Amino acid sequence: MAGAAEDARALFRAGVCAALEAWPALQIAVENGFGGVHSQEKAKWLGGAVEDYFMRNADLELDEVEDFPGELLTNEFDTIVEDGSLPQVSQQLQTMFHHFQRGDGAALREMASRITQRKCKVTATALKTARETDEDEDDVDSVEEMEVTATNDGAATDGVCSQPEPSDPDAQTIKEEDIIVDLWTGYPIST
C-alpha cells in the first residue's frame, strides 16, 4: 500500500511541476530573470514548496491555494500576477490534490498530460513609449510595460494562450496616460 501512496505522490509532484511550468506568469518571470541569477533554481524550488504546502494543509480552500503561489511569486520573483491566471493555476493544483487524496493516479496522469500538451512558450519584450524617451530613465517608481507573445505548436499568438477572459464585460483598462499623479507626493490621484 505504501508503494501506491508513493506513486500517487510522485504523480502529484509531476502534476504540480507541469502546472507551474505551463504558467505563463512564472515562465516570463524565469525567462527574464525576475528572481535574479537563480531564477531557474527558484522555479524548481517553487514546485517542491507548493507540493509541501498541500501535504501540510490537507483541507485548503481555493483562496488559500491562490494566496500561496501568489505570495511566492511576489517574494521570490518580485512579480505580481494580475492576468487572471492565478485562480486557474490554483484550481488545477487543488483538483490534482483532490485526485491525490483519493489515490486516483489515472486522473493525475491524465491531468498532467493535458496541462503539458496545452503548455505555451511565452516571451515578453519591454516596450518603449514616446513618453518614456522624454522622461528621466532614473525613475525607480516607473512600471515597465511589456508585450507578451505566446506560441503553442509553433503558431504565434498575441497575449497569453488559454487564459480566461475577464468576467466583467464592462471592465475598463486603465492606460498609463490616463493616470493622474499628484505632483507634490508623486502618488496617483483617484478620480
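Go over the candidates Glu51, Glu82 one by one and state the one that is closer than 19 Å to Glu6 by Cβ and among the charged types (D, E, K, R).
Numbers: Glu82 fails: closer than 19 Å to Glu6 by Cβ.
Going through Glu51, Glu82 in turn, the sole match is Glu51.
When the residues of region 1-51 are narrowed to those that are free of Cβ contacts under 8 Å to residues at least 40 places away in the same chain and either touching a His at 6+ places or on another chain (Cβ under 6 Å) or not in a helix (DSSP H, G or I) (or both), which ends up surrounded by the fewest Cβ atoms within 10 Å (Cβ to Cβ)?
Here the residue is Met1.
For region 69-87, which residues satisfy the criterion of being buried (at least 18 other Cβ atoms within 10 Å of the Cβ) and not in a loop (DSSP other than H, G, I, E, B)?
Initially, region 69-87 is screened for residues buried (at least 18 other Cβ atoms within 10 Å of the Cβ), giving 69-70, 72-73, 76-77, 79, 81, 85-86.
Scanning region 69-87 gives Pro69, Gly70, Leu72, Leu73, Glu76, Phe77, Ser85, Leu86.
The numbers here are math on the coordinates, done by the rules we state, and not lab data. Note that the structure is predicted; figures quoted are calculated from it, not measured. Methodologically, a virtual Cβ is constructed for each residue, glycine included, from the backbone with ideal geometry; neighbour enumeration extends over all protein chains shown.
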